[in-house]
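Report on one structure; see the data block that follows.
The values are calculated or read from the model by the stated rules, or taken from the named source; none is laboratory data. Remember, predicted model here, so these are calculated numbers, not experimental data. Cβ atoms come from the backbone with ideal geometry, glycine included; neighbour counts cover every protein chain shown.
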């Protein structure tokens with residue numbers, strides 16, 4: 001069988017680096033990596049389908065699938081995951097001391113349909129009773145980072161004000177023109193002395209660990225997709241790519257546990273690994289469907305509740321059937 005050559009776009013994560021430098025290669029595939037920031041990658045893939053394989057917003061992908069759009073086929077590889085208690089920032093003068101204080105407030109978000117915001121709204125609703133309809137939402141530029149709309153949607157019953165790209169929500173939060181921001185990017189003002197901006201959950205690590213212990217959810221932000229024409233012509237490539245990503249993640253785990261000389265510039269990286277495994281298990285960043293079913297089922301439900309998806313698709317609809325679990 002001739003080697004299949006594919007472009008692949010993703011961010012420079014430790015868990016994909018062996019695929020970038022060729023330490024690990026998918027069987028039968030030669031990859032041409034394109035390294036770009038996720039927001040840029042998503043826009044280029046969703047609006048122009050520029051790449052044959054790509055990292056993609058899990059929420060945007062699920063929205064398309066729920067609409068019957070099969071432009072992409074995902075494999076259950078999740079290069080980006082993050083608990084989202086830490087991504088809710090408030091103005092210190094707004095009187096927001098607990099999640100319910102967000103009701104009736106003005107809250108910014110770089111892009112309303114981005115996965116980080118969907119998961120944050122989901123935990124606010126299910127953990128604290130804060131309904132998205134009770135908030136006045138703003139979307140647009142944050143601290144100079146522009147995120148042009150990458151997928152179209154309507155929001156019945158929700159107030160969303162899309163601001164011009166030149167209007168920046170970062171300074172607006174600092175000045176109190178909006179009360180809070182939900183964003184994967186920490187506002188620049190957070191790091192300033194005597195800042196008027198702080199996190200809603202000050203001890204977010206404890207809050208996130210408690211959330212995981214109670215719910216079993218480790219939020220999934222991004223997945224890996226093949227463009228429809230590539231998958232239909234080469235369906236075997238899904239399984240080959242999946243296995244390569246699994247091997248690359250195992251490589252990254254090994255680097256984190258290297259004690260001969262630390263490979264990361266973090267003094268207690270080994271202690272952090274041991275503590276994380278104590279709380280979340282040996283494979284705390286699993287790929288595949290079954291180890292992630294609780295987290296995978298949460299997002300489609302949140303999308304439907306938030307009027308971003310017309311239905312709740314079954315998890316098996318979202319992923320290539322020949323690439324759902326590690327072969328080894």
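The set of residues in the stretch 212-238 that are in contact (Cβ under 8 Å) with a residue 40 or more places away in the chain, surrounded by fewer than 20 Cβ atoms within 10 Å (Cβ to Cβ) and part of a helix (DSSP H, G or I) comprises 212, 213, 215, 228, 236. With the condition kept exactly as written, say whether any residue in the stretch 117-137 is buried (at least 24 other Cβ atoms within 10 Å of the Cβ) and more than 30 Å from residue 293 (Cβ to Cβ). The answer is no, given that none of the residues of the stretch 117-137 is buried (at least 24 other Cβ atoms within 10 Å of the Cβ) and more than 30 Å from residue 293 (Cβ to Cβ).
Looking only at the stretch 145-184, count every residue that is at positive phi and touching a strand residue (DSSP E or B) at 6+ places or on another chain (Cβ under 7 Å) and tell me the total. Please lay out each step first, then the result.
The initial filter retains those residues of the stretch 145-184 that are at positive phi, namely 157, 176.
Pick out the ones that are also touching a strand residue (DSSP E or B) at 6+ places or on another chain (Cβ under 7 Å) and you get 176.
Qualifying residue count, the stretch 145-184: 1.
Only helices (runs of 4 or more DSSP H) whose full extent lies in the stretch 10-84 are considered here, and the ones with at least 1 residues that are farther than 26 Å from residue 264 by Cβ are 38-48, 58-66. Provide a single number: the residues in the stretch 134-162 that are out of contact with any helix residue (DSSP H, G or I) (no Cβ under 7 Å at 6 or more places or on another chain) and assigned to a strand (DSSP E or B). Counting residues in the stretch 134-162 that are out of contact with any helix residue (DSSP H, G or I) (no Cβ under 7 Å at 6 or more places or on another chain) and assigned to a strand (DSSP E or B) gives 8.
Filter the stretch 269-296 down to the residues that are surrounded by fewer than 14 Cβ atoms within 10 Å (Cβ to Cβ) and farther than 21 Å from residue 253 by Cα and list them by number.
Going through the stretch 269-296, the residues surrounded by fewer than 14 Cβ atoms within 10 Å (Cβ to Cβ) turn out to be 271-272, 274-275, 278-279, 281-282, 290, 293-294.
293, 294, listed by residue number.
Can you name every residue in the stretch 302-319 that is touching a residue at least 24 places away in the same chain (Cβ under 8 Å) and surrounded by fewer than 20 Cβ atoms within 10 Å (Cβ to Cβ)?
First, the residues of the stretch 302-319 that are touching a residue at least 24 places away in the same chain (Cβ under 8 Å): 302-313, 315-319.
Listed by number, the residues that qualify are 304, 305, 307, 310, 311, 312, 313, 315, 316, 317.
How many residues does the stretch 12-26 contain that are under 19 Å from residue 81 (Cα atoms), surrounded by fewer than 16 Cβ atoms within 10 Å (Cβ to Cβ) and either out of contact with any strand residue (DSSP E or B) (no Cβ under 6 Å at 6 or more places or on another chain) or not assigned by TED's automatic domain parsing to the domain that holds residue 228 (or both)? The number of residues fulfilling the criteria is 1. Of the residues screened, residue 116 is one that is closer than 30 Å to residue 315 by Cα and under 12 Å from the mean Cα position of the chain (by Cα). Is it fair to say residue 300 is over 19 Å from residue 120 (Cα atoms), under 19 Å from the mean Cα position of the chain (by Cα) and outside any loop (DSSP other than H, G, I, E, B)? Criteria not met by residue 300.
Within the bounds of the stretch 227-240, is there any residue that is within 20 Å of the chain's Cα centre (by Cα) and modelled with pLDDT of 95 or more? There is at least one residue in the stretch 227-240 that is within 20 Å of the chain's Cα centre (by Cα) and modelled with pLDDT of 95 or more.
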